[in-house]
1. How large is the dipole of the chain about the Cα centre if only Lys and Arg carry +1 and Asp and Glu carry -1, each at its Cβ, rounded to the nearest 20 debye?
2. What FRET efficiency do you get for Asp320 and Ser568 if R0 is 35 Å and r is their Cβ-Cβ distance, rounded to the nearest 0.05?
3. Could you compute the FRET efficiency for Gln225 and Ala144, with r as their C-beta to C-beta distance and R0 at 41 Å, rounded to 0.05?
4. Which of Val100, Ser86, Pro31 sits farthest toward the positive end of the charge dipole of the range 1-135, with +1 on the Cβ of Lys and Arg and -1 on the Cβ of Asp and Glu?
5. Tell me the relative contact order for the chain as a rounded percent, counting alpha carbon contacts under 8 Å between residues six or more apart.
6. When ranked by the protection proxy of mean other Cβ atoms within 10 Å per residue, highest first, what sequence do the peptides 196-208, 512-524 form?
7. If packing is taken as the mean number of other Cβ atoms within 10 Å per residue, what is the order of 543-549, 584-590, 351-357, 311-317, highest first?
8. Quick one: if the Förster radius is 30 Å, what FRET efficiency do Ser361 and Glu21 give, using the C-beta to C-beta distance and rounding to 0.05?
Amino acid sequence: MREAQAFYQRSISDPDGFWGEQAQLIDWHVPYARVLAQPNPPFRQWFVGGETNLCHNAVDRHLATRAEQPALIYLSSETGEERYYSYAELHREVNRCAAVLQSLGVKKGERVVIYMPMIAEAVFSMLACARLGAVHSVVFGGFAAPNLALRIDDAKPCLLICSDAGMRGGKTVPYKHLVDTAIAAAKFPPAKVLIVDRGLDPDMKWLEGRDVDYWDAREEFRDAQVPITWLESNEPSYILYTSGTTGKPKGVQRDVGGYAVALAASMKYIYDAGDGKGAGETMFTTSDIGWVVGHSYIVYGPLIHGMTTIVYEGLPIRPDAGIWWKIVEEHKVSTMFSSPTAIRVLKKQDPAWLKKYDLSSLKYLFLAGEPLDEPTSRWISDSLGVPVLDHYWQTETGWAMLTYLPGIELAANRFGSPGFPSYGFNIRIVNDMTGAECGPNEKGVLTVVPPLPPGCLTTVWGDDSRYVNSYFGQFEHELLYTSSDWAVRDDDGYYFILGRTDDVINTAGHRLGTREIEEALQAHPALAEVAVVGVHDEVKGQVPIGFCTVKDAALIATPEARAALEKSCIAKVAELLGAVAKPYKLHFVASLPKTRSGKLLRRSIQALAEGRETGDLSTLDDPNALEEIRKAVGR
Ligand code: ATP
Ligand code: MG
């Protein structure tokens, strides 16, 4: 671990030297004058005065060395489409798309909302915006019209790009129809709507004068060459709203140079990808372009690094639970990036699917997005036979805050731990009330001592004071970036995330993280997924209530069986955490409510369990799951 530690130490003690070196991983049109400037903390500027461009670094600069190498492979298990684009072809498509956008008035600094399913044109649109210096704001295609309207009004775009429809689990989702509804509700609607018509929605309506057909427009710009608009390193590249798990989403604003450098460095040190110069390997990130993982590791990261990226439209279990592994075999995927939720879904399927395909190309599976419980982590590590590395980050940071560093030296993986602070992140676990630093094994809030490294949010779009107050306002004595997550560091320096700071149960004077109780329940062999929330109690303040899904429905077939299982699960918690943490009640349900990004919606479960209304459900994935909770608690 010595090498990784020295690498980390240098990033903290000599940020100028460290990041100055990393900056060589990308192309600069105009060199920067200073690596770091902080005239007004907690704002900071990386690579001041340097001019660069994300599209140039992701596409154009590879033409000299790998024009014929595949850049993007588009696969849809929904429509059966498969398309391949070399770097030269990607360059051509992005230029044509940029020309179309330009013809519709898109310029430097203007916002473009992209509301699209996982298709190649969604990626071309993002890169085309970057090429023009326009600010894209990708809105996850699973969001309903009111969410889209909210984001339109915040970003005030000149253009919205969508497709007629997407497909999910064989069902058509009418994107353009949702766009029309959102625009009708929006105060700041875009002047133009550009539509990539996939022919999936025969009833789609066109609005004369506003709606533009992408295929027609693209025909007019067959051999278009759109020059790169060079941006100062700190100008905005995009806005991306956080998932909204805990409340109103925040418009995270990202820069250009810092982000490009951070991603380029992460491909090398965190993902250990490519041949050292970046060529010839394939990355498969199973997220969606609507999330930060999609921005960083479907689009910009792998392309900046000169890899082949896979854009996959479809579910992990359709047509069958082998689909991902089939993709790995067929496209020789070397680096895979997914989420614990998705792995838990696969864990419920027949394990034989994993054995059916040749996975020898795979070097690593990275996971992020929510706590990775030990049984899931063990199961997938054993099944794949390659390192499964958890890493922890947020929309705000753009890349990993806690991680292993296989590109430098792979520390022994400790189940349940996303590793150590990433280079550049001066992480400090502090007491949530006093801000005093916690010792080993002492639980506190995970914070970052400024400056935040390159790649992190520069502000909240249009709201500098929200940036300062919500992220740096928790402690009076010192400016610290708060992650709003609980964490603990063990004696060997491994970090563990213990859940969100608003997911705490205060029971009879004890403060318990819901995550800890969930972990204990997860150790029970009968349970598949669990959610624990604190519910108001006259006597104890709050009591923990659990909602669980079981691996085998036979286990809860009769009331007696349910009661016996509940008892043995509660006993498991008492055994692992002590009697004080014992759930007051366990409900067995068929599924748990999650956000569209796969995170448990604890605040809605808690509201129902306390007899309140659920509040904002705009990010809810499956309404049936919430009905299950409603029924369970007798609402
Ligand atoms: P909002 O901030 O709008 O409520 P969100 O926090 O769910 O939404 P994201 O930025 O997508 O939005 O998620 C980041 C959060 O996900 C982290 O703060 C943390 O709570 C959780 N998380 C991410 N990776 C991990 C991980 N490896 N282990 C545990 N938790 C994780
Ligand atoms: Mg968050």
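1. Numbers: 64 positive and 79 negative charges, 126 e Å.
In debye, rounded to 20, the chain gives about 600.
2. Efficiency at R0 = 35 Å is approximately 0.60.
3. 0.55
4. The Cα lying farthest towards the positive end belongs to Pro31.
5. 11 percent
6. Result, highest mean Cβ count within 10 Å first: 512-524, 196-208.
7. 543-549, 311-317, 584-590, 351-357
8. It comes to 0.45.
Read-outs throughout are calculated quantities, based only on the coordinates presented, and are distinct from any laboratory measurement. No experiment lies behind these values; they were computed from the predicted model shown. Using ideal geometry, Cβ is built from the backbone for each residue, glycine included, and neighbour counts are taken over all protein chains shown.
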